Amino acid sequence: LNMDKTSNLYQEIHDLVRLEKYEFAIHVCDRAKQEGRGDELVLRVKVFCLIQRKMWVQALNVIAQLEKSTIELPFEKSYCLYRTNNFEEALSTLEALGDFTKTPGKMESRAVCYLKIQILYRLGRFEEWERLYSLVRPV
């Protein structure tokens, strides 16, 4: 692999994401993959860009590709499942991450808890929803 070309490709992807030009970044990620540089980082960035563009099913497809390489993105997968109204699967994927209510101050914990709150609400599980919301809501 030509390292200069790889570095330029990563820089181009980075610049496009920084400028919020997600559609173009997705195309550069695809080009990187065609050139044999579709590594984990490129695929993770592609998932991020697809989510930013609200392309939930496509993001789930890339996540499935990553899972074949034993790379998991459970939060992103759960979020995409939630956005495609697959609430039960979204919840089970999220719950596999563990209990985040013990560290509600951490940003990632809050994100997981808030996603779980949304899923519980959509499932009509209001007692669980209320209990979790009371733990993490701002005071």
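The values are calculated or read from the model by the stated rules, or taken from the named source; none is laboratory data. All of these numbers come straight from a predicted model, not from anything done at the bench. Here the Cβ is made from the backbone with ideal geometry for all residues, glycine too, and neighbour counts use every protein chain on show. These accessible areas exclude ligands, DNA and RNA; they are computed on the full protein's heavy atoms, side chains included. Shrake-Rupley method; radii C 1.70, N 1.55, O 1.52, S 1.80 Å.
Scaled against the 2.2 N^0.38 Å expected of a compact globular protein of N residues, the Cα radius of gyration of the chain reads 1.21. Shown for the chain: the carbon plus sulfur share of the solvent-accessible area, taken with all protein chains present and a 1.4 angstrom probe, equals 51%.
For the chain, the longest principal axis of the Cα atoms and the long axis of helix 40-52 meet at an angle of about 60 degrees. Of the residues ILE71, CYS113, ALA32, the one whose Cα sits farthest towards the positive end of the charge dipole of the chain is CYS113 (charges of +1 on Lys and Arg Cβ, -1 on Asp and Glu Cβ, taken about the Cα centre).
Pairs of alpha-carbon atoms within less than 8 angstrom and 6+ residues apart define the contacts here; what relative contact order does the chain have, in percent? Relative contact order for the chain comes out at 13 percent.
Between the beta carbons of ARG125 and ILE71, assuming R0 = 41 Å, the FRET efficiency works out to 0.85 to the nearest 0.05. In degrees between 0 and 90, to the nearest 10, how far off the longest principal axis of the chain does helix 3-18 point, with axes built from Cα atoms? Approximately 40 degrees, to the nearest ten.
Dipole magnitude for the chain: computed about the Cα centre from +1 point charges on Lys and Arg Cβ and -1 point charges on Asp and Glu Cβ, it is near 280 debye. Of the trypsin sites (Lys or Arg not before Pro) in the stretch 40-69, the ones in a loop by DSSP (not H, G, I, E or B) with at most 15 other beta carbons within 10 Å are ARG53, LYS54.
Maximal additional length on extending the SER7-ASN61 stretch stands at 16.8 nm, based on 0.36 nm per residue less the C-alpha distance.
Annotation: per residue accessible area for the stretch 1-137 equals 62 Å², rounded to a whole number [probe 1.4 Å, protein chains only].
Segment HIS27..GLN118, full-extension length gain: 29.6 nm, with 0.36 nm per residue of separation and the alpha-carbon distance subtracted. Neighbours of LEU120, meaning other residues whose beta-carbon lies under 12 angstrom from its beta-carbon, give a summed charge of -1 when Lys and Arg score +1 and Asp and Glu score -1.
Compared with the alpha-carbon gap, the fully stretched path from ARG110 to ARG83 is longer by 7.9 nm at 0.36 nm per residue.
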